[in-house]
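The values are calculated or read from the model by the stated rules, or taken from the named source; none is laboratory data. These figures come from a predicted structure and were not determined experimentally. Quick reminder, even Gly has a Cβ in these numbers, built from the backbone with ideal geometry, and neighbours come from all protein chains shown.
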Number of protein chains: 2
Amino acid sequence: MAYTKPGVTRNRIYQFVRKRLLDGEPPTVREVQAAFHMRAVQSAKSHLDALVKEGRLIKVPGKSRGYRLPAAIHSSQLAPIIGRVPAGPFNIAIEDIEGYIPVQSSTEEHTIFGLRVSGDSMTDAGIMDGDIVLVRTSSEIHPGDIVVAMVDGETTVKEFRRANGQVQLQPRNTAYPILSPAPEDLTIVGKVIEVRRYLEGISLIGEQLNG
Amino acid sequence: MAYTKPGVTRNRIYQFVRKRLLDGEPPTVREVQAAFHMRAVQSAKSHLDALVKEGRLIKVPGKSRGYRLPAAIHSSQLAPIIGRVPAGPFNIAIEDIEGYIPVQSSTEEHTIFGLRVSGDSMTDAGIMDGDIVLVRTSSEIHPGDIVVAMVDGETTVKEFRRANGQVQLQPRNTAYPILSPAPEDLTIVGKVIEVRRYLEGISLIGEQLNG
DNA sequence: TATGATAACAGACAAAAGTATGTTTTAAAA
DNA sequence: TTTTAAAACATACTTTTGTCTGTTATCATA
């Protein structure tokens, strides 16, 4: 290819590799070579080596298609969405999973799930009937956080408060009363870290999970 | 490895490959072989061939690490998020991209972007200040849709209406007036297909986009 | 127990991909 | 202009990986 100013082709190659990696298709050195119309493998190789040295890419030595993004950039995982919530102790059964949606998070897997909200007790906080809340089960809960809780076997989304040393679950809709459940009837499932609303049909990812 | 009942190892291999692909690390035939402690490459190969024949996997012939998930399962793409919107004709400049978030959609790439909302003119529709709306530029617009529009070079999110043959942009907050811009001052950028709110710090994917 | 289908194994070859050495051309800065 | 560094090229070698042919073992069912 034509000679470019120092750094220019380097950045373009980074963009290319980055996109391929985010698409789940790590390129070979020769695919990079071809994408930039280079006549020598080494042209691509040395750019890739440089990107690794700069810390913009990571290389698994020896392996084919071995370039990766540093962990911080790649952090996209799939969270299961459950529609109805089973009564009793809260655990996610495979049968209840509607599908998966992509979530970016640096936390460990299996700690985030999605829950479809029913009811309008949180509309003043912008959580409408039918919205999906993403819940992290491993978060510490602080007053003011929006949480998913189980009260008497029922799942609800509310704002977490404390008053007189007791936990209060506060709706964000003046038409609803504050709940002050007895500790033995209350389980905090997790903290709401994200709210999503799909205004068009949602197509969830991945069904065939049996076996 | 030990002999298993027909179908058992097949499913386990599918799970393995699926996870690897969703993690962005397509395996080689020999990596599958190793993961299941098989003593022959062909053992893994024939399972993979079978999975392709069943339609559970797709193969790019000849290429290394060439197994893929069928499109329906994989359909997750990255949409750019723009914070401020440039005045003038609407086009997404690289400089304005804050980062990327994963979106599941079957539509073509480059037609969806994210926009950070400012203002509270849509709170009754559950769109709060700071929320991110995902916008598809290729959608048909119908009355009742929530749209991103440019009025006199300013970007706004409103509900799309028609009255007396004229376009109206209706806020969803009684404190705000309905807009009835002249056609020449109005550009409909696209339709809001999703609303997201990040209650914890959001870490966008990918920063270094210069070059 | 007999039989067909599935599963696993063995060994080999060709193509793809990673890696290495050295040279030529252009850009950036002294 | 000269010098130094970056960019691009040419070629070769090794390892990894895809693919093939054929054999043996186990499962499911009659």
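Scanning the stretch A:49-70 for residues that are more than 26 Å from the chain's Cα centre (by Cα) and either free of Cβ contacts under 8 Å to residues at least 24 places away in the same chain or surrounded by fewer than 15 Cβ atoms within 10 Å (Cβ to Cβ) (or both) yields a count of 8. In the stretch B:1-12, the qualifying residues are those that are near DNA strand C (Cβ under 6 Å from one of its atoms) and not aromatic (Phe, Trp, Tyr), and the one that is surrounded by the fewest Cβ atoms within 10 Å (Cβ to Cβ) is B:6.
Here is a yes/no grid of residues against (1) surrounded by fewer than 20 Cβ atoms within 10 Å (Cβ to Cβ); (2) of a type in the set (Lys, Arg); (3) more than 9 Å from DNA strand C (Cβ to nearest atom):
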site: B:14; (1), (2), (3): no, no, yes
site: B:21; (1), (2), (3): no, no, yes
site: B:24; (1), (2), (3): yes, no, yes
site: B:44; (1), (2), (3): no, no, no
site: B:47; (1), (2), (3): no, no, no
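Residue A:56 fulfils the conditions (1) more than 7 Å from DNA strand C (Cβ to nearest atom); (2) basic (Lys, Arg); (3) over 21 Å from residue B:23 (Cα atoms) except for a single criterion, (3).
Restricting the stretch B:66-76 to residues that are more than 12 Å from DNA strand D (Cβ to nearest atom), outside any loop (DSSP other than H, G, I, E, B) and not aliphatic (A, V, I, L, M) leaves a set whose member that is modelled with the highest pLDDT is B:76. The C-beta contact set for the stretch B:176-187 (first residue more than 20 Å from residue B:125 (Cα to Cα), second residue small (Gly, Ala, Ser), distance under 7 angstrom, 6+ apart or interchain) comprises B:186/B:149; B:187/B:149. When the stretch B:35-65 is filtered for residues that are among the aliphatic types (A, V, I, L, M), more than 9 Å from DNA strand D (Cβ to nearest atom) and in a helix (DSSP H, G or I), the ones remaining, listed by number, are B:35, B:50, B:51, B:52.
Cβ-Cβ contacts under 6 Å between residues 6 or more apart (or on different chains), taken from a first residue in the stretch A:118-137 that is over 13 Å from residue A:156 (Cβ atoms) to a second residue that is assigned to a helix (DSSP H, G or I), are absent. Candidates in the stretch A:26-42 are the residues that are surrounded by 15 or more Cβ atoms within 10 Å (Cβ to Cβ) and within 14 Å of another protein chain (Cβ to nearest Cβ); of these, the one that is nearest to the chain's Cα centre (by Cα) is A:26. Of the residues making up the stretch A:10-24, just one is part of a loop (DSSP other than H, G, I, E, B) and out of contact with any Leu (no Cβ under 8 Å at 6 or more places or on another chain), namely A:23. So which residues in the stretch B:152-174 are touching a residue at least 24 places away in the same chain (Cβ under 8 Å) and in a loop (DSSP other than H, G, I, E, B)? Once the filter is applied, which keeps residues that are touching a residue at least 24 places away in the same chain (Cβ under 8 Å) and in a loop (DSSP other than H, G, I, E, B), the stretch B:152-174 yields B:152, B:153, B:171, B:172, B:173, B:174. Any residue in the stretch A:13-31 that is without any contact (Cβ under 8 Å) to a residue 24 or more places away in the chain, near DNA strand D (Cβ under 9 Å from one of its atoms) and over 23 Å from residue B:58 (Cα atoms)? Scanning the stretch A:13-31, I find no residue that is without any contact (Cβ under 8 Å) to a residue 24 or more places away in the chain, near DNA strand D (Cβ under 9 Å from one of its atoms) and over 23 Å from residue B:58 (Cα atoms), so the answer is no.
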